[in-house]
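Heads up: the structure comes next, in structure tokens.
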Amino acid sequence: QSFRRGVRSMQILSRREVTGMVPYREASEIPAFAVMDYVEGPDLTNAVKAHQVTSWGQKLRISADLAKIIRGAHMLPERVLHRDIRPSNIMLKDFYVRPDEWEVVVLDFDLSWHKDASEKSVMAPGASNGYLAPEQVRRGKGESTRSAAVDSFGLGMTLYFLYSGNEPVFSEHQHNGWTERIKKSVCVHKCDEWVSLPFRLSRLIDSSTKDMQSSRWSLAQIEGELVRLRDAFESPGTVSSAELLAEEIIARSDVSTGYEWDPDTLSARVMLLSGVMIEVAANESRRKVGMLVKWSRRGEEDWRRVSKWLPSACERALAALKKAGWVIETSSCGAQQVAMSATVSVDDLDLARIMSLADAVSKVAGNLRFS
């Protein structure tokens, strides 16, 4: 039944000429066989394990192309879901013979589903792996194996393998510390071209591998984010998204190791040991990035030293912001608290300006480090 449905899925994809899918040329049930084009090149499992895919450029290209291929099948009138996305079912066509023009292709549709398919899925004993969505091996209320979120999960786990080199084990997304493990294994690889890229990728993987089907990112969200990150990597000086720029500014500062990103407010926030809060936030409608600095006396400070030193520290912090191009909106430096805010337009922000703005954030933090 899986074979029959897989053949029909491939026939649909061939007829619709979906780029990136390996089509069946012929298929027969008696005897059971399928004929498809020979793919010259490694599958993604072997390519990663053999360290043939190591650069950020290669990985981002594979990620964005893969998301586009899967979503392209979803967008057909027949709505073809792959439901077995994993590295061994992804190949890099002509990787060896055309090193600059290889293509990402997807194959193996035995677990696929398409509109009006009536056959039931068949899962062989021991077939469970870290790439299968949890609803494929359980039946939860309000969950369906005929949801595009199944492929979101498989893609998320495939990206985890691609960027970390680690094979996910079955139900690993339910283990304690899964979110932190993603971040640690992905962010250990630094990206000089776009520093915040590993942090954003780790959140994308986490959002794609949620246990609850309804909580996962859609393929549209995943593809959109991957395209934005690929573009930022290739042309960092042309990024115009306030959200991307806000996080990049703090990621390039000296407080980058401690910030937390809030997707609801599109802001990165860090709390210094002194109690000083620094926030860099995006305002897409105004096309601005804003910075906010706050501090209130906690009663633990050596007040005589702090009150004498605080005014000059605030002056130095404001001077650093102005010099870098931040426009000061408000500024208050009193005996009990400090509050200052500044903004910058995202228009015409090149890489040099981004680095200058980030350096100013570092100087603000440096001037207000006290206890």
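If you place +1 on the Cβ of every Lys and Arg, -1 on the Cβ of every Asp and Glu, and leave all else neutral, what size is the dipole of the stretch 199-294 about its Cα centre, to the nearest 20 Debye?
Result for the stretch 199-294 is approximately 180 debye, rounded to the nearest 20.
If the limit is 19 Å between Cα atoms, which of Lys141/Lys210; Lys115/Lys141; Lys59/Lys183 go over it?
Details: Lys141/Lys210 15 Å; Lys115/Lys141 22 Å; Lys59/Lys183 17 Å.
Over 19 Å apart, Cα to Cα: Lys115/Lys141.
Could you give the dipole magnitude of the chain about its Cα centre, charging the beta-carbon of Lys and Arg +1 and that of Asp and Glu -1, in debye to the nearest 20?
On the way: 49 positive and 49 negative charges, 208 e Å.
Its charge dipole is roughly 1000 debye.
In percent, how large is the relative contact order of the stretch 79-215, given Cα pairs closer than 8 Å and 6 or more residues apart?
Relative contact order for the stretch 79-215 comes out at 24 percent.
Full-extension gain between His74 and Ser55, please, as 0.36 nm times their residue separation minus the C-alpha to C-alpha distance.
3.9 nm
Let me spell out the model: positive unit charges on the Cβ of Lys and Arg, negative unit charges on the Cβ of Asp and Glu, origin at the Cα centre of the stretch 177-229. What dipole size does that give, in debye rounded to 20?
Charge dipole of the stretch 177-229: 140 debye, to the nearest 20.
With unit charges on the beta carbons (Lys and Arg positive, Asp and Glu negative) and the dipole taken about the Cα centre of the chain, which residue among Val346, Val97, Ser63 sits farthest to the positive side?
Val346
Which residue fluctuates most in the GNM of the chain (Cα springs below 10 Å): Ser285, Ser215, Ser14?
Of Ser285, Ser215, Ser14, the most mobile in the Gaussian network model is Ser285.
In whole percent, and with a 1.4 Å probe on the protein chains, what portion of the accessible area of the stretch 1-138 is carbon and sulfur? Don't skip to the end; give the middle numbers.
Working: 3420 of 6790 Å².
The computed percentage sits at 50.
Taking the chain as a Gaussian network, where each spring joins two C-alpha atoms under 10 Å apart, which residue of Gln337, Gln213, Gln221 fluctuates the most?
Sorting by GNM fluctuation, first place goes to Gln337.
Please compute the net charge surrounding Glu26, taking Lys and Arg as +1 and Asp and Glu as -1 over other residues with Cβ under 15 Å from its Cβ.
Once all neighbours under 15 Å are counted, the net charge is +2.
Residue farthest toward the positive end of the dipole of the chain, with Cβ of Lys/Arg at +1 and Asp/Glu at -1: which of Tyr259, Val39, Ala220?
Tyr259
Among the lysines, which have Cα under 25 Å from the Cα of Lys294 when same-chain residues fewer than 8 positions away are ignored?
Lys308, Lys322, Lys323, Lys363
Taking R0 as 41 Å, what's the FRET efficiency between Arg287 and Ser88 from their Cβ-Cβ distance, rounded to 0.05?
Numbers: r = 44 Å, r/R0 = 1.08.
Efficiency, rounded to the nearest 0.05: 0.40.
Over the chain, with the other protein chains present, what is the accessible area per residue in square angstrom, probe 1.4 angstrom?
48 Å²
Apply the Karplus parameterisation 6.51 cos²θ - 1.76 cosθ + 1.60, with θ equal to phi minus 60°, to every residue of the stretch 95-101 and state each ³J(HN,Hα) to the nearest whole Hz, in sequence, with x for glycine and proline.
Karplus-based 3J(HN,Hα) across the stretch 95-101 equals 4, 8, 8, 10, x, 9, 10 Hz.
Each label point is 7 Å from the Cα along the Cα-to-Cβ direction; what then is the distance between the points at Arg139 and Asn46, in nm?
The modelled label-to-label distance comes out at 3.9 nm.
Compute all pairwise cysteine Cβ distances in the chain, then list the cysteines with no distance under 4.7 Å to another cysteine.
Cys187, Cys191
With an 8 Å Cα cut-off and a minimum separation of 6 or more residues, compute the relative contact order for the stretch 176-263 in percent.
Across the stretch 176-263, relative contact order equals 26 percent.
Rounded to the nearest 500, what is the chain's calculated 222 nm mean residue ellipticity when only DSSP H runs of at least 4 contribute -39500 (n - 2.57) each, over all residues?
-12500 deg cm²/dmol
By average Cβ neighbour count within 10 Å, what is the ranking of 205-211, 278-284 from highest down?
Order by mean packing, descending: 205-211, 278-284.
Could you go through the stretch 8-25 in sequence order and give the Karplus-derived ³J(HN,Hα) for each residue, using 6.51 cos²θ - 1.76 cosθ + 1.60 with θ = phi - 60°, rounded to whole Hz, and x for Gly and Pro?
So the J values, rounded to whole Hz, are 5, 4, 5, 5, 4, 5, 5, 5, 7, 6, 6, 5, x, 9, 7, x, 7, 8.
Using Cα pairs under 8 angstrom and six or more residues apart, how large is the relative contact order of the chain, in percent?
Answer for the chain is 13 percent.
How many nm separate the modelled label positions at Glu17 and Met277, each set 7 Å beyond the Cα in the direction of the Cβ?
Label at Glu17, label at Met277, 5.6 nm between them.
Once the dipole of the chain is set up with Lys and Arg at +1 and Asp and Glu at -1 on Cβ about the Cα centre, which of Gly6, Ile328, Val188 lies farthest towards its positive end?
Ranked along the dipole, the leading option is Ile328.
The values are calculated or read from the model by the stated rules, or taken from the named source; none is laboratory data. Note that the structure is a prediction, hence the values are computed from the model and not measured. Reconstructed Cβ throughout: ideal geometry from the backbone, glycine too, with neighbour counts over all protein chains shown. Side chains are part of the model used for accessible areas, which takes the heavy atoms of the whole protein and leaves out ligands, DNA and RNA. Shrake-Rupley method; radii C 1.70, N 1.55, O 1.52, S 1.80 Å.
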